[in-house]
1. May I ask you to list the residues in the range 1-15 that are more than 16 Å from residue 106 (Cα to Cα) and either assigned to a helix (DSSP H, G or I) or modelled with pLDDT under 95 (or both)?
2. Give all pairs with beta carbons closer than 7 Å in which a residue from the range 55-78 that is surrounded by fewer than 19 Cβ atoms within 10 Å (Cβ to Cβ) meets a residue that is among the hydrophobic types (A, V, I, L, M, F, W, C) and part of a strand (DSSP E or B); count only pairs at least 6 apart in sequence or on separate chains.
3. Kindly evaluate residue 90 against the criterion of being modelled with pLDDT of 95 or more, within 25 Å of residue 45 (Cβ to Cβ) and in a strand (DSSP E or B).
4. Can you work out which of the residues in the range 26-51 that are crowded, with 18+ Cβ neighbours inside 10 Å and of a type in the set (S, T, N, Q) is farthest from residue 98 (Cα to Cα)?
5. For the list (1) of a type outside the set (A, V, I, L, M, F, W, C); (2) touching a helix residue (DSSP H, G or I) at 6+ places or on another chain (Cβ under 8 Å); (3) surrounded by fewer than 14 Cβ atoms within 10 Å (Cβ to Cβ), I need the number of the one condition that residue 82 fails.
6. Please work out which residue is surrounded by the fewest Cβ atoms within 10 Å (Cβ to Cβ), limiting yourself to the range 4-25 and to residues that are within 19 Å of residue 97 (Cα to Cα) and among the charged types (D, E, K, R).
7. Of all residues being closer than 18 Å to residue 104 by Cβ and in a helix (DSSP H, G or I) in the range 20-39, which is nearest to the chain's Cα centre (by Cα)? Just the residue, please.
8. Select from the range 16-33 the residues that are of a type in the set (A, V, I, L, M), closer than 15 Å to residue 95 by Cα and either out of contact with any Asp or Glu (no Cβ under 8 Å at 6 or more places or on another chain) or modelled with pLDDT under 95 (or both) and list them in ascending order.
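The values are calculated or read from the model by the stated rules, or taken from the named source; none is laboratory data. No experiment lies behind these values; they were computed from the predicted model shown. Here Cβ is always computed from backbone atoms with ideal geometry, including for glycine, and neighbour counts include all displayed protein chains.
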Amino acid sequence: MARIFVVDDEAPIKNLLHRFLVSFGHEVESTVSYEKAVDRIKIFSPALVISDIDIFGYDGRSFITLFPDMKIIFISGNKDNEVPEKYLLIAKPFSLKDILKAVEKVLGEKE
């Protein structure tokens, strides 16, 4: 399974995604802090990042510039947010089934 990093400033969502992905055998690290995410992603070297777009005054889309080769799935409660075509955007509220399908698609585990 894959190493996945989750960052969402809403702790219940971060915790839900963390537990859910671990239940599928993934190695997961997570945080509610943008700054900690930047530092930990460098050390953890995940295959995938799942990030909220609006993180306590930061724009999660900056991960695109910071980690240009990283696979990223964005989540957002703001229907007006957009991401480059190369990336997936999942609207909140989302189902865990939607998350699983997106993870499998991005990691190439299932089509």
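1. Matches in the range 1-15: 11, 12, 13, 14, 15.
2. If the second residue must be among the hydrophobic types (A, V, I, L, M, F, W, C) and part of a strand (DSSP E or B), the pairs left are 64/72; 70/49.
3. When the stated conditions are applied, residue 90 passes them.
4. Per the stated criteria, the residue is 31.
5. For residue 82, the exception is condition (2).
6. Step by step, filter the range 4-25, then rank; the result is 19.
7. Among those residues, the one meeting the criterion is 21.
8. Scanning the range 16-33 gives 16, 21.
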